[in-house]
Amino acid sequence: MPTAPAAFFLLQLSLWDLIQAASPVAKAVMVILLILSVFSWAVIFSKWSLFGRARRSSRQFLRAFRKAGALDAAAIASQQYPISPLVVVFDFGYSEVDRQVKTVGTLKNKLSLERSLQLGMSEQLAKLERNMNLLATTATVSPFIGLFGTVWGIIEAFQGLGQSGSASLRAVAPGISEALITTALGLAAAIPSAIFYNLFGNDIKEFGTRMEDFALEFLNLAERTFGG
């Protein structure tokens with residue numbers, strides 16, 4: 001009788017043999033699910049890293065902005081935190097303030113400044129939301145792709161049962177195994193995508209709120225500095 005490690009090794013070989021023996025349709029389903037899973041995990045790791053760095057950089061820039069006390073000093077400080085979404089909002093606002101001051105000597109058109117800040121926020125939100133649709137698609141579509149593989153495997157199990165003429169495990173095992181494997185792959189791709197889509201969605205909302213609050217701080221500083 002094989003030891004536990006040997007039995008586990010044989011089970012691995014048996015599973016791999018079942019995958020190799022799967023029908024072309026089942027293999028296609030497995031490949032699609034694996035591709036979706038790989039791409040979704042790539043997006044997850046990328047977003048996790050980006051949001052973490054952006055959050056730290058935003059906190060540091062916000063402290064520097066509040067200590068600066070003037071837009072020119074804040075502009076110099078902003079160059080140290082290019083990853084922060086707040087810096088992009090600042091750059092949009094600072095460019096508009098600089099244009100107005102050079103033209104009329106003061107901050108005269110507040111509405112134009114507010115629009116510039118809004119454009120900066122919209123650009124950053126679009127950047128933060130990039131590739132989020134892949135997570136949403138994977139979370140939504142993967143279970144149905146896995147379900148298709150499940151149905152296909154059950155059909156093959158019944159075909160094997162009909163061809164053998166007896167209700168034996170050998171007849172239905174290939175089809176049932178395909179059904180279970182594709183179901184598991186579909187869930188394995190969908191569940192992490194759904195979880196991180198919701199988590200990252202909350203992070204993006206948080207960034208949006210922080211950018212809105214920062215825009216108000218920028219307006220206050222601009223009005224104090226240039227007598228708007």
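Let's see how each residue does on (1) surrounded by 15 or more Cβ atoms within 10 Å (Cβ to Cβ); (2) modelled with pLDDT of 80 or more; (3) out of contact with any helix residue (DSSP H, G or I) (no Cβ under 9 Å at 6 or more places or on another chain):
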residue	(1), (2), (3)
Gln124	yes, yes, no
Ser142	yes, yes, no
Ile145	yes, yes, no
Thr150	yes, yes, no
Ile155	yes, no, no
Gly160	yes, no, no
Ser164	no, no, no
Ser177	yes, no, no
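Of the helices (runs of 4 or more DSSP H) lying entirely inside region 1-109, those containing at least 1 residues that are modelled with pLDDT of 90 or more, under 29 Å from Phe226 (Cβ atoms) and touching a Leu at 6+ places or on another chain (Cβ under 6 Å) are 24-68, 85-104. For the residues Ile204, Ile195, the requirement of being more than 13 Å from Ile44 (Cβ to Cβ), in a helix (DSSP H, G or I) and modelled with pLDDT of 95 or more singles out Ile204. Every condition in (1) within 30 Å of Ala184 (Cα to Cα); (2) buried (at least 18 other Cβ atoms within 10 Å of the Cβ) holds for Val38 except the one numbered (2). Ala73 satisfies every condition listed in (1) more than 28 Å from Asn202 (Cα to Cα); (2) crowded, with 20+ Cβ neighbours inside 10 Å; (3) of a type outside the set (D, E, K, R) except (2).
The values are calculated or read from the model by the stated rules, or taken from the named source; none is laboratory data. Since the structure is predicted, the reported quantities are computational estimates derived from the model, not experimental observations. With ideal geometry, Cβ positions are generated from the backbone for all residues, glycine too; neighbour counts draw on all protein chains shown.
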